[in-house]
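Reading through the structure tokens given below for one structure.
The values are calculated or read from the model by the stated rules, or taken from the named source; none is laboratory data. Computed from a prediction, not measured in an experiment: that's the story for all the values here. Positions of Cβ are generated from backbone atoms using ideal geometry, with glycine treated the same way; all protein chains shown enter the neighbour counts.
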Amino acid sequence: MVNDGSNKAARRARGLFCLLACVSVVLLLAPVGAASAHEGDGTVVVHVTDEGFEPRLVEIGPGDTVSFENVGDKAHWPASDDHPMHTGYPGFDPKKPVAPGAEWSFTFDKPGKWAYHDHMNPYLEGEVVVRDEEPKSESFLSSVSSFFSSLYGSVLSAFAGEEGPAPDEAETNGPDERVEKARIGLLALVRDEDPKAALVRLREGIAEDDALLRSCHPLVHEIGRAAYEKYGDFGEAMKYQDEVCNSGYLHGIIETRLSKSTDVFADMKTMCNPYPRGSFLGWQCYHGLGHGAMFYTANDLPRSLEMCEAFRNPSRRSSCANGVFMENFSADQKLHLSVYLKESDPLYPCAEQAERYKGDCYLYAPTYFLSLNKGDYVAALEWCEGAEADFSSSCAHGVGMQTMKENMSDPKFVESTCMKGKPGQIKPCIEGMVGLYVFHHASLEPARALCDRLEASNRQACHGEIESESNLFAS
């Protein structure tokens with residue numbers, strides 16, 4: 001049987017090579033001019049200015065290309081809706097800003113209406129309409145190239161004596177793929193059922209998959225955004241409020257609400273009024289406004305902090321600024337962009353901030369450091385020694401927070417990481433991990449149980465952190 005299979009494979013290979021030789025002769029005799037029959041056709045130019053896209057609406061056929069030429073004085077980033085993930089038309093995203101004088105092109109194959117925006121300023125919008133018609137025929141050489149590519153694969157399979165792997169076998173199921181699959185499913189649940197169904201599914205998912213657990217905050221942000229898009233009403237979307245994953249649902253709602261506001265400052269002053277002053281949800285709401293300010297200003301850090309200054313109450317200002325810095329240093333959003341980040345100096349721009357903002361800045365700087373040095377938590381503690389002396393403990397606190405966020409299912413590992421720091425770093429690092437645990441669960445009780453599992457030398461710091469957060473849960 002083995003020999004018979006080998007003979008069949010050999011005969012199949014010889015037949016394919018004969019066919020290959022025949023087609024090669026035809027190709028050599030074919031007129032070369034056919035290769036450029038449509039060259040230069042099917043391209044539409046859109047000028048990207050500092051005020052918007054010109055023209056704002058273009059209509060093309062499938063297979064046509066739109067060339068975005070930046071004629072402005074600033075960098076721009078044309079990309080598919082929805083902001084900031086650009087998933088409306090996968091691939092319609094240059095993945096980086098287009099510099100003044102440069103251009104970026106994209107070929108549209110799918111019929112439909114494709115809305116897009118400037119990622120640097122999401123309120124500059126445009127639309128590409130792709131007519132529902134057959135795409136232009138391929139050039140002769142292009143068709144031949146496709147043929148040879150397919151034929152080559154068949155020949156290799158013939159020599160191997162097999163038909164090649166099934167499509168499913170070629171697919172991967174790594175952490176990124178699982179997170180993306182979950183994201184699509186969660187947004188479908190919001191659309192087809194309601195946000196509660198998506199939040200329940202997310203809770204189930206993070207209990208079973210560490211990849212989802214690590215990405216739960218940005219995922220629940222997206223559920224919040226989708227909820228506001230569905231209902232178009234802050235109160236209606238908030239009916240499904242759930243504090244899972246550090247209240248990202250609330251933050252997502254606020255981001256989308258502010259993006260559609262006609263008077264952002266007025267909305268910021270009243271949006272959190274329903275929540276009792278000093279409560280956990282009140283803190284999260286004002287913190288969420290900081291995220292929303294960054295979303296609204298396309299990550300303009302100074303302008304976002306100015307928006308937080310609109311609050312007279314110091315606690316509200318601080319909560320808002322905390323959200324601003326968390327968004328600036330966020331490593332969760334692959335399309336997140338801020339000019340207030342430097343790979344060469346992950347502590348930037350903390351030293352330049354006003355004294356009242358430095359604590360929050362250094363608190364979240366480790367998030368960015370660890371996005372550049374994945375999993376190197378001990379190195380993050382060593383790096384924190386480069387922070388200003390008065391704020392090195394804030395940095396160590398932030399390392400504890402981020403390490404716990406990325407290892408929620410293994411608190412003992414997080415504790416052991418903290419204990420590898422310098423003596424002065426252990427306590428703030430433990431406080432950071434416990435504080436994140438409290439906020440993740442939106443409750444003090446799981447954290448109290450956690451304290452009992454820690455080393456005796458760390459329990460006082462653990463209970464002290466819980467006590468410092470207890471006022472948020474008093475009512």
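For segment 352-366, does any single residue satisfy the condition of being within 21 Å of G290 (Cβ to Cβ), basic (K, R) and out of contact with any Lys or Arg (no Cβ under 7 Å at 6 or more places or on another chain)? Taking every residue of segment 352-366 in turn, at least one turns out to be within 21 Å of G290 (Cβ to Cβ), basic (K, R) and out of contact with any Lys or Arg (no Cβ under 7 Å at 6 or more places or on another chain).
Can you find, within segment 273-303, the residue that is modelled with the lowest pLDDT among those that are within 18 Å of R257 (Cβ to Cβ) and of a type in the set (A, V, I, L, M)? Checked segment 273-303; the qualifying residue modelled with the lowest pLDDT is A298. Counting residues in segment 275-292 that are out of contact with any Ser or Thr (no Cβ under 9 Å at 6 or more places or on another chain) and of a type in the set (D, E, K, R) gives zero. Annotation note: Cβ proximity below 7 Å between a residue of segment 198-210 that is among the β-branched types (V, I, T) and a residue that is in a helix (DSSP H, G or I) (sequence gap 6+ or interchain) occurs for I206/L212; I206/L213; I206/C216.
Go through segment 221-250 residue by residue and tally those that are under 11 Å from A442 (Cβ atoms) and either of a type in the set (S, T, N, Q) or touching a Lys or Arg at 6+ places or on another chain (Cβ under 7 Å) (or both). Number of matching residues: 4.
Among the residues making up segment 263-276, those that are over 17 Å from A321 (Cβ atoms) and surrounded by 12 or more Cβ atoms within 10 Å (Cβ to Cβ) are D267, P274, Y275. The single condition from (1) free of Cβ contacts under 8 Å to residues at least 60 places away in the same chain; (2) over 20 Å from H440 (Cβ atoms); (3) within 25 Å of the chain's Cα centre (by Cα) that L337 fails is (1).
For segment 47-55, state whether one or more residues are β-branched (V, I, T) and either over 27 Å from the mean Cα position of the chain (by Cα) or at pLDDT below 85 (or both). Among the residues of segment 47-55, not one is β-branched (V, I, T) and either over 27 Å from the mean Cα position of the chain (by Cα) or at pLDDT below 85 (or both), which makes the answer no.
Filtering segment 157-207 to residues that are assigned to a loop (DSSP other than H, G, I, E, B), exposed (fewer than 14 other Cβ atoms within 10 Å of the Cβ) and at pLDDT 90 or above leaves only E193. Here G421, G375, G435, G398 are screened, and the one residue that is out of contact with any Leu (no Cβ under 7 Å at 6 or more places or on another chain), closer than 27 Å to E327 by Cβ and surrounded by 14 or more Cβ atoms within 10 Å (Cβ to Cβ) is G435. Restricting attention to segment 221-251, the residues that are within 15 Å of L281 (Cβ to Cβ) and without any contact (Cβ under 8 Å) to a residue 40 or more places away in the chain add up to 7. Residues in segment 70-92 that are more than 26 Å from the chain's Cα centre (by Cα) and not β-branched (V, I, T) were compared, and the one that is nearest to V46 (Cα to Cα) is G72.
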